[in-house]
Amino acid sequence: MFLRLRHFLLALIAVAICAGQAIADERKFRLYAPPALIESGVLKYMLPRFSLKTQVRIDLVDDPAQADASFGTEGIPVFQGLGQRWHFAVPDGGHPAALRFGEWIGSEVGRRTVVGFEVDGTALFSLPSQDQAAAEAATYDGDAVAGRIKARGLCGRCHVVVAADRMNAIGSTPSFFALRSLGNWEDRFAAFFALNPHPAFTQVEDVTDPFPVDRPSPIVPVALTLDDLEAIIAYVAALEPADLGAPLDHQ
């Protein structure tokens, strides 16, 4: 009897240790950055601000093969400076904390943090420039008016979709105007239902799978069709991008 109880307690301890390690892993990830980016000082400026907001710790590693995410020439363009455009990449099936950092650096707060970094009063980094020729060549067949209505009803719970609602959204989520300023805004909107936290509460007809029976949507689901999504993208395309290039004012 004593031995069975001892084995049971040891098993419980092992489970608790594994659970603790899983939680700890969600609170930290390994990041690779080229020496030039590290030496610029921007990571010492940027990473603590992210960690302070999220309680996620980032460990810099020298080997990109050992990293959960990396800065370099592949991935999503996030800023430019030091003579090149910098991209942020997370491998497929990526680390949740790394994905969270990717969302943060693409948000209004994250991008303002990057452009707010200065050395001797000079900003070293700016937002990625957009290919204006490609933007002008793009056409959108959706109904922008219907897209505005649909977006305000579905997305306005968390995001500022129209300027008149700027005081009624969740402050930690980027506005549509800020998202429109991103170089890859169309990709983000077209695949938004696959980007966290949207999969937990979003259903796109004939695209997404139904919610698992044991994991229903935590809120009233966001349900739309591909036509709805095309209309929303047409509406966003017509928005005036937010100007995120000004450095932060400290008070």
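The values are calculated or read from the model by the stated rules, or taken from the named source; none is laboratory data. Bear in mind that the values here come from a model prediction, so they are computed numbers and not experimental data. A quick note on method: Cβ atoms are made from the backbone with ideal geometry, for glycine too, and the neighbour counts reach across all protein chains shown.
Output the qualifying pairs, or none if there are none: Cβ atoms under 7 angstrom, residues six or more apart or on different chains, first residue in region 172-198 and buried (at least 16 other Cβ atoms within 10 Å of the Cβ), second residue of a type in the set (Ser, Thr, Tyr).
Pro174/Ser107; Phe193/Thr202; Phe193/Thr208
Those residues that are touching a Pro at 6+ places or on another chain (Cβ under 9 Å) and polar (S, T, N, Q), I need them from region 45-70; list them, please.
Ser70, the sole residue that qualifies.
Kindly provide the set of residues from region 149-184 that are in a helix (DSSP H, G or I) and either over 19 Å from Val115 (Cβ atoms) or modelled with pLDDT under 85 (or both), ordered by number.
Of the residues in region 149-184, the ones in a helix (DSSP H, G or I) are 149-154, 163-165, 176-180.
Hits for region 149-184 are Ile149, Lys150, Ala151, Arg152, Gly153, Leu154, Ala163, Ala164, Asp165, Phe176.
Return only the number of the condition from (1) more than 29 Å from Val222 (Cα to Cα); (2) under 16 Å from the mean Cα position of the chain (by Cα); (3) surrounded by fewer than 20 Cβ atoms within 10 Å (Cβ to Cβ) that Glu74 does not satisfy.
(2)
Could you say which residue among Ile23, Ile13, Ile17, Ile76 is at pLDDT below 95 and touching a helix residue (DSSP H, G or I) at 6+ places or on another chain (Cβ under 8 Å)?
Details: Ile23 fails: touching a helix residue (DSSP H, G or I) at 6+ places or on another chain (Cβ under 8 Å); Ile13 fails: touching a helix residue (DSSP H, G or I) at 6+ places or on another chain (Cβ under 8 Å); Ile17 fails: touching a helix residue (DSSP H, G or I) at 6+ places or on another chain (Cβ under 8 Å).
Within the list Ile23, Ile13, Ile17, Ile76, the selection yields Ile76.
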